[in-house]
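Accompanying notes for the structure given below.
Computed from the coordinates by the stated procedures, all read-outs in this text should not be read as laboratory data. Given the structure is predicted, the values throughout are model-derived calculations rather than measurements. Cβ atoms come from the backbone with ideal geometry, glycine included; neighbour counts cover every protein chain shown.
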Amino acid sequence: MEGLIIHTVAINRQGELKHFEIPLSNNAKFITGLWYKVRLITDAESGVVTELKSRSPYQPEVIIGELSLSSNQREGVFYFGKIILDNANYGLLDYTGGVFRVNNYSHAKFPQSLKVKVDADTAIVHGYIHDNWGVISGRNVRYEIDLYIYQQLKEKP
Amino acid sequence: MEENELHSVPKVFEIQITAAGQKVSETFELDKSVKKVHGVAFSSEKPDLMYHRGYARLEINNKEYFPDNHAVQRVMNGINANLDNRYWPLKKVIIGNGKVKIEYTDKPDGRTVFAAYTVLLYFDCEIVID
């Protein structure tokens, strides 16, 4: 049986470091997957960087922060990585681009969750998000990150 | 006596989003002929708005499949996906009373400008034909 916890973390200030705790379900056996979604609350037209220009067709991705997740078990930190705004290069060099623009929302397949296998004996997952979006935009950027924690639950006896 | 045959048929429901930040709660009923539900898919005439702003809670026969604030983006599949892989698979659906409850929330995202849009909910069903 699979369970899903969605935990929302709000970032308000430039360079903010936010710690949080995510309580797991009582009957969680393993953490099996991770995914996240970013929602910008500040208006993008007020100077927030949402894409990076480059001379080549390849666009660098906008890194909006760092995410670290850890449990109390021996795994310790089981996820550490950059939070990327969107796949800016979806459909790169697609020859139909001029006629029918390729976008994440029109062409992409299901976004894949990151597969992990972490013992869920711990009751809480600790984590932090370190803002970078405000740093590259040179202002306070308000946004929320929804963290999706997929769990394998113990079957009821 | 001839055996009943099951046919794969999509069932479509529609939700109108007319205001930014709107929360729409609707209950639909599946036909009596529906015997199985294999998956669900979301579509819209403004997919960019649904992709960035759409959140949905889904319940079938009082069993929750997507919790509160579940991003529609997570279960959206574009045209690059195989035709037989467009639906987000729903496991072990018991049709029961056939009631499908959806709570769709539009949450503003600074990268989009709101305009009214329609969300179409497709269920991959098997119906029985006598």
Would you be able to tell me the number of residues in region B:44-81 that are within 20 Å of residue A:104 (Cβ to Cβ), more than 7 Å from every other protein chain (Cβ to nearest Cβ) and assigned to a loop (DSSP other than H, G, I, E, B)?
-> 2
Result of the Cβ filter at 7 Å on region A:35-59, keeping first residues that are more than 7 Å from every other protein chain (Cβ to nearest Cβ) and partners that are surrounded by fewer than 17 Cβ atoms within 10 Å (Cβ to Cβ) and assigned to a helix (DSSP H, G or I), at least 6 apart or interchain, is A:49/A:136
Pick out the one residue from B:119, B:100 that is within 14 Å of chain A (Cβ to nearest Cβ), farther than 17 Å from residue A:104 by Cα, assigned to a strand (DSSP E or B) and not polar (S, T, N, Q).
-> B:119
Based on what the data block shows, is residue B:126 surrounded by fewer than 17 Cβ atoms within 10 Å (Cβ to Cβ), out of contact with any Phe, Trp or Tyr (no Cβ under 7 Å at 6 or more places or on another chain) and assigned to a strand (DSSP E or B)?
-> yes
If we ask which residues in region A:9-63 are in contact with a helix residue (DSSP H, G or I) (Cβ under 6 Å, 6 or more places away or on another chain), surrounded by 15 or more Cβ atoms within 10 Å (Cβ to Cβ) and more than 22 Å from residue B:74 (Cα to Cα), their number turns out to be 3
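Kindly indicate which of B:109, B:84 is outside any strand (DSSP E or B), within 14 Å of another protein chain (Cβ to nearest Cβ), in contact (Cβ under 8 Å) with a residue 24 or more places away in the chain and over 13 Å from the mean Cα position of the chain (by Cα).
B:109
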Which fully enclosed strands (runs of 3 or more DSSP E) of region A:1-95 have 2 or more residues being hydroxyl-bearing (Ser, Thr, Tyr)?
-> A:28-40, A:63-70
Of the residues in region A:137-157, those that are buried (at least 16 other Cβ atoms within 10 Å of the Cβ) and under 19 Å from residue A:38 (Cβ atoms) come to A:137, A:140, A:141, A:142, A:143, A:144, A:145, A:146, A:147, A:148, A:149, A:150
Which condition number does residue A:106 fail, the rest of (1) free of Cβ contacts under 8 Å to residues at least 60 places away in the same chain; (2) assigned to a helix (DSSP H, G or I); (3) farther than 22 Å from residue B:86 by Cβ being met?
-> (3)
